[in-house]
Amino acid sequence: MSRRLIVSLVALTVVAAALASSAALGAGAAKAPTAQKANYTIYLVAGIASDAFYLTMNKGAQAEAKKLGNVKVVFTGSPAAFSPNTQIPYLNGAIARKPNAILIAPTDKTALIAPIQRAINAGIPVATVDTFITKPIAFTNISTDNLAGGRAAADALVKAIGGSGDVAAISVNPGISTTDQRAQGFAQELKKYPKVHYLGIQYCNDDQTKASNQTSALISAHPNLKGIFAMNVVSGNGVTTAVKAKGKSGVVKLVEFDAGPPQVQALKAGTIDALVAQYPYGIGQQGVFEAYQYITGHKAGIAKHYGTGSAIITRANVNNPAYKKYLYTP
Amino acid sequence: MAVTEDQSTAGQAPQAPEPRRGSTRDRILGALGRSWLFFFLLGLVAFFWLTTPSGTFLTWSNLEQIALSTSEVILLAIGETFVIVTAGIDLSIGGILFFSAVCGGEVMLHLSGTSAQTINGEYPHSAYAVPIGIVVCIAAGTLWGLVNGTLITRLRLPPFIVTLGTLAITLGLGDLIDGGSYLPAPVPPDLTTRFGSGKIFGLYAPIYVAAVFLLIAHLFFRYARFGRYTAAVGSNEEGTRRTGINVDRHIVKVYALAGFCAGVAAVLDLAIYTNTTSVSHQTDNLNAIGAVVIGGTSLFGGVGTIIGSAIGAFIPTVLQNGLVIKDVSPFWQEVVVGATIILAVYLDQLRRRRSNN
């Protein structure tokens, strides 16, 4: 009796696993390319799959693929965390599929060098989007000009506070290329405004509570504090909480990076005064376009780096259709 | 295992006793029943082989990559198996790994050259800096394991609480040491290129490390006194104490072993990923415990298998890799992996209940 049960259990588990996976897949398995025109597959490996920034990037990539007609873009990446430990298994899966090209947002400047090199050795051209690696093996890099973004944030904040007063910045961690460049651009641009006093930058380790505590301390210590630049969504949330709790809404102005749906809502509600929106949709579009150029033999015209712009979104222009493309739409 | 009385046959003529010595056929089927998990894994591999385009899933390079990315979890699962078999639990291994990696990494960088040199990618003294860093990693891990074991036995607190606390402490201390982000520079290529991505006989070096540890741990667990004491403590702590075995000291040793494994895993982590952050290790404990539980070790202690934990470590990584190759959305993947874990553990429980009757 138990023998039969064991054998049937084994069979059951294999069948169950197969069924469970098939049921979850829907139209999972890829089809062979059609004979008429060459179909190209490009994999987009996000830094973290559950982030409005990368989901918007995917939208742009899909739009460009549709425009080109014979390109399929597959979006993948870990939904759990922005880290090389979680990203590399997804990259491995993409490499095993042998696509025509891979677009990847590396989660670490050095940890991804060996895996990306492996993809290139396997004959798959790789372009980096958003972040970069320190070895120039990707055929191109497309990212926001974060220096310019920082500068634009400085201009927007000075405008919001009326040209004079104390300002401070809250960033994530020292060592992340994107936020470091934003901080650099911000500090540089502030030098143009002699009536504005820069109190310096603090790091909140991507912890909202820490950002909130740091903001409270700043408000208590500096009665002339007029504005804060929060360099990512998490720090922005912490700053907003503290400003409200201290009763300084409207007195302390806030400029924040990234324009996801919650940030846009906060902008319209008045808790944030300006957003520095990157253009992930454009990065996705251009990534697919450049990859297509590379695959179809037009390698010569591709530059090593493309900087995409950022836009300052304020209450005045948030509903302006010209600025709509900058809002992140996961 | 408790002895069950069969009430229904009470009062009837006594049956002929079952032959104690198992026949070969019974032994084979018994082994088959115990290793059904291995067949489950093979079934998964076969499923993905058949349902993906040829030359994608079942290639040497792809399987090798799966093994490489599972090697760290296997090491953690080995230490965790010993802990769980004592009816304890260690939630802090991810934090211990991170702390050890930070300590070892910082030592490697400081000894390899001046900060100006290392940031520019030069490591003039890495030849002796790397081995010293490796020793520091392993020592730091073992030390925290000892702390865990000592706190649990001296303070008489539940392991869940103690290791939850040391998880937070180690993650926090690690972040304090490296300023909350990455190490100032990647670790020397002597460790990363020559070992982490280095190949011996065509296979990545870290895979060998995990395999060797697996073999030694399996032999230790099954045949050495240490392993038998561990199972004894887990199945009946008070009874074991009364046979004269120093249970407290053994528990400290077991948690120290888990810390040691985390230290070795830290070396692999630095070698494979060249750097480390606390973000990457937040859920290491769940991955390791999941591997151990899927592998057939009981959370109540007393029963366990090292090889099972290794197979349990492979099931989620094989699933994830196969589903990516099948173009399944990453969100569906999380659902499928979770469902498969529940299925595997449920079937194991069924089998266990049946074989106990």
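Where a number appears in this text, it was derived from the coordinates with a stated rule and is not lab data. Owing to the predicted nature of the structure, the values given are computational and were not obtained by experimental measurement. Note that we place each Cβ from the backbone using ideal geometry, even for glycine, and neighbour counts take in every protein chain shown.
Values computed for the structure shown
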quantity	calculated
Residue of B:Leu215, B:Leu270, B:Leu299 that the Gaussian network model of chain B assigns the largest fluctuation, springs spanning Cα pairs under 10 Å	B:Leu215
Shielding by partners, peptide B:38-47 (average Cβ within 10 angstrom, other chains)	4
Other protein chain Cβ atoms within 10 Å, averaged over every residue that makes up A:79-87	6
Backbone N within the stretch A:260-291 under 20 Å of label point (7 Å from A:Ala316 Cα along the Cβ vector)	A:264-278
Other protein chain Cβ atoms within 10 Å, averaged over every residue that makes up A:39-52	1
Relative contact order computed over chain A (Cα-Cα under 8 Å; 6+ residues apart), in percent	18
0 to 90° range, to nearest 10: angle between helix B:247-273 axis and chain B longest Cα axis	50
J(HN,Hα) series, the stretch B:342-347, from Karplus relation 6.51 cos²θ - 1.76 cosθ + 1.60, nearest Hz, glycine and proline x	4, 4, 4, 5, 4, 5
Proximal lysines to B:Lys253, defined as alpha-carbon separation beneath 25 angstrom and excluding residues fewer than eight positions away on the same chain	none
21 Å Cα-Cα threshold exceeded, pairs from A:Lys192/A:Lys226; A:Lys248/A:Lys268; A:Lys135/A:Lys325; B:Lys199/B:Lys326; A:Lys109/A:Lys324; A:Lys304/A:Lys324	A:Lys135/A:Lys325; B:Lys199/B:Lys326; A:Lys109/A:Lys324; A:Lys304/A:Lys324
Descending principal axes extents, the stretch B:228-323, alpha-carbon based, whole Å	49, 27, 19
Candidates A:His305, A:His222, A:His197: whichever shows maximal mean-square fluctuation once chain A is modelled as a Gaussian network with Cα springs under 10 Å	A:His222
Mean separation of Cα contacts under 8 Å, 6 or more apart, over the residue count of chain B: relative contact order %	30
Per-peptide average of other Cβ atoms within 10 Å, ordering B:49-58, A:290-299, A:231-240 highest first	A:231-240, A:290-299, B:49-58
FRET efficiency estimate (nearest 0.05) - Cβ-Cβ, B:Glu238 to B:Leu155, R0 30 angstrom	0.95
Long-range HN-HN contacts of A:Tyr306 with modeled amide H, under 5 Å	A:Asn141, A:Ile142, A:Ser143
For the protein assembly as shown, share of DSSP beta bridges that run antiparallel, in % to the nearest 5	15
More than 28 angstrom apart: percent of Cα pairs within chain A	47
In degrees, nearest ten, helix A:52-68 long axis to first principal axis of chain A (Cα)	60
Kirkwood Rh, angstrom, the stretch A:146-278 [1 / mean 1/r, Cα pairs]	14.0
Computed label-point distance, nm, for sites A:Lys325 and B:Leu164 using a 7 Å Cα→Cβ extension	5.1
Pairs of Cα atoms farther than 18 Å apart, the stretch A:218-276, %	23
Cut-off under 5 Å, modelled amide H: who pairs with B:Gly301 long-range	B:Ala87
Debye intensity ratio in log₁₀ form over the Cα atoms of the protein assembly as shown, taken at each q of 0.05 Å⁻¹	-0.28
Dipole magnitude (debye, nearest 20) for the protein assembly as shown, charges at Cβ of Lys, Arg, Asp, Glu	1040
Kirkwood hydrodynamic radius over Cα pairs of the stretch B:62-356, then Stokes diffusion coefficient at 20 °C and 1.002 mPa s, in µm²/s	109
Degrees, to the nearest 10: B:159-177 long Cα axis against longest axis of chain B	10
